[in-house]
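Written out below as structure tokens is the structure these notes cover.
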Amino acid sequence: MKRLIALILAATLLCTLLVSCGVGNSDLETVKKNGKLVVGVTVYPPMDYIDEETNEWTGFDAELAQQFAASLGVNCQIVIINWGNKVAELNSNQIDLVWNGMTASEELGEQIDFSVSYAKNAQVAVVKKGSTLTADSVKNAKIAVENGSAGATVAQETIKGTNINKVTAMVDALNEVLAGTSDVAIIDITMAQSIIGKGTYADLQVLDGASYGDEIFAVGLRQGSDLKEELDAFLKAKYADGTMTALAEKYNVGLNTDALK
């Protein structure tokens, strides 16, 4: 009897450990059970931003995320996250996906899984019009970057800046330049092409010759998530039926067509 009780206790402990490690859990089942797909973003035109007229989320990524949720038969709940905490947000199940023009870097890939890559990107330097900065002198300027972003990595490792100001979001980095509290911002070319030289950012420009690297965008998932298979199939289907191409033209986003075929 004692042996039987010991075996039962051991089996119970094993099951508890497996559940705590996420073994046997299905993100897909959980999403469907909850009736919602929670997507973590920052305010990042043209990928994710609030439409001024409708006060609803829109953008290249936002539209795709909403369509993906619909394909699963659930609602899409888009929430703003601290970009520097995106991995923790995923792993603590606060969000289901990070879908926000995210660079699929090797370093980040050690912590989370990526969907198939769907778009291309690079980093550029943005300054005020009339700035005397050059591509060579950026390293000595006060550089604003989004904490945890590809721009932050470029500022540290490629430019080797000596005065880096880490802020919460890319728009905050641009606002630092507008306010004169930073000299230059390193941001995604995708955002730069969308808003620089227009409206609030009419007095900003991309610095000639200050472009850094080639990147690819992907959606972030928890490691081992069974949402990946569904998501990859969805992205390739939306490229095949022309939906993604139409969105790319609407929002001026460069697709990673080789990966989507």
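Brief remarks on what is shown
- Computed with a 1.4 Å probe over protein heavy atoms only, the accessible surface of the chain comes to 50 Å² per residue.
- Positive-end ranking of ALA152, ALA192, ALA210 along the dipole of the chain, with charges on Cβ about the Cα centre, is headed by ALA152.
- Taking trypsin sites (Lys or Arg not before Pro) across segment 134-223, the ones in a DSSP loop with at most 16 further Cβ atoms lying within 10 angstrom of their Cβ are LYS160, LYS198.
- Mean residue ellipticity (222 nm) of the chain, computed from DSSP H runs ≥ 4 via -39,500 (n - 2.57), nearest 500: -10500 deg cm²/dmol
- Sulfur and carbon atoms: percent of accessible area, the chain [1.4 Å]: 49 percent
- Taken about its Cα centre, segment 109-261 carries a charge dipole of about 380 debye when Lys and Arg each add +1 at the Cβ and Asp and Glu each add -1 at the Cβ.
- The Cβ shell under 12 Å around ILE143 holds other residues with a net charge of +1, Lys and Arg each +1, Asp and Glu each -1.
- Protection proxy ranking, peptides 76-89, 173-186, average beta carbon neighbours within 10 Å, highest first: 173-186, 76-89
- Summing Lys and Arg as +1 and Asp and Glu as -1 over all other residues whose Cβ lies under 11 Å from the Cβ of ALA65 gives a net charge of -4.
- Axial C-alpha extent at least 15 Å, average Kyte-Doolittle at least 1.6 - helices from the chain (DSSP): 2-20
- Cα lying deepest toward the dipole's positive end in the chain, options VAL124, LEU72, ASN91, charges on Cβ: ASN91
- The lysines within cross-link reach of LYS32, meaning a Cα-to-Cα straight distance under 22 Å and a gap of 8 or more places when in the same chain, are LYS228, LYS236, LYS238.
- Pairs exceeding 18 Å between alpha-carbon atoms, taken from LYS86/LYS142; LYS139/LYS166; LYS128/LYS198: LYS86/LYS142.
- Between the amide H of ALA119 and those of PHE217, ASN256, distances stay under 5 Å, these residues lying 5 or more places away or on another chain, with hydrogens modeled in the peptide plane.
The values are calculated or read from the model by the stated rules, or taken from the named source; none is laboratory data. Here the structure is a predicted model, which means the values were calculated and not measured. Using ideal geometry, Cβ is built from the backbone for each residue, glycine included, and neighbour counts are taken over all protein chains shown. Ligands, DNA and RNA are stripped out before the accessible areas are found, and what is left, the full protein with its side chains, is counted by its heavy atoms. Shrake-Rupley method; radii C 1.70, N 1.55, O 1.52, S 1.80 Å.
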